[in-house]
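Heads up: the structure comes next, in structure tokens.
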Amino acid sequence: EDQVTQSPEALRLQEGESSSLNCSYTVSGLRGLFWYRQDPGKGPEFLFTLYSAGEEKEKERLKATLTKKESFLHITAPKPEDSATYLCAVHPTGGGNKLTFGTGTQLKVEL
Amino acid sequence: GAGVSQSPSNKVTEKGKDVELRCDPISGHTALYWYRQSLGQGLEFLIYFQGNSAPDKSGLPSDRFSAERTGGSVSTLTIQRTQQEDSAVYLCASSTPPGTGGAAFFGQGTRLTVV
């Protein structure tokens, strides 16, 4: 069965304190791995798609990387507006059409 | 519209009543997903539509849940005889076909409360 595990469940950072969020996955084959940001009361907002090990994507203070077993979302010099829940999802090759999501990392960045 | 639109944004219903939730996907997106998000839980897959193909209903939790997609665009999720455990946020997403590498873009969700 396809599984996605995100850690930590919650993370509190000071403004400017860089860190990484982890997404570990178990799938028979990977079609794509997705990162989303979700603010309270809103739907997930697409951030990145990664397709193969070694791939990296960047957007402002965020950088996503992918290995054969996990993905990291690196946050460099975060700001309070980066506070949100970050979700990881996988689209397996043999898993039909569904995206399997992790339960997310709730990030809070304080001044 | 520019994004995925869902209505209503909030719905309170009495136990045992039927509800309909609507999703208007991004124009040109042929794939459409419904997910459910309960408090503190991850997103739970419900159903997937792709073009004119038979939908993937493997995530529907019971036969009280059904969904249709008319004309390959707007979708309606129907929950019959609602129960308190149906209370959750129902999220719709659309994308280009998965084989093209398209990401799923989500609407704002419908918060359903069954009292």
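The values are calculated or read from the model by the stated rules, or taken from the named source; none is laboratory data. Just so you know, these numbers come straight off a predicted model, no measurement behind them. Glycine also receives a Cβ, built like all others from the backbone with ideal geometry; neighbour counts cover every protein chain displayed. Accessible surface areas use protein heavy atoms only, side chains included; no ligands, DNA or RNA. Shrake-Rupley method; radii C 1.70, N 1.55, O 1.52, S 1.80 Å.
Take residues that are of a type in the set (Gly, Ala, Ser) and tell me which of the strands (runs of 3 or more DSSP E) falling wholly in the range B:31-115 contain 3 or more.
B:88-95
Checking A:Lys98, A:Lys57 one by one, the residue that is within 14 Å of another protein chain (Cβ to nearest Cβ), open to solvent by 50 Å² or more (accessible area, probe 1.4 Å) and within 14 Å of A:Asp2 (Cα to Cα) is A:Lys98 and no other. Only one of the numbered conditions (1) aliphatic (A, V, I, L, M); (2) open to solvent by 20 Å² or more (accessible area, probe 1.4 Å); (3) part of a strand (DSSP E or B) is violated by A:Val90, and that is (2).
Residues of the range B:11-54 that are open to solvent by 50 Å² or more (accessible area, probe 1.4 Å), out of contact with any helix residue (DSSP H, G or I) (no Cβ under 9 Å at 6 or more places or on another chain) and closer than 17 Å to B:Gln80 by Cα: B:Lys11, B:Val12, B:Glu14, B:Lys17, B:Asp18, B:Glu20, B:Arg22.
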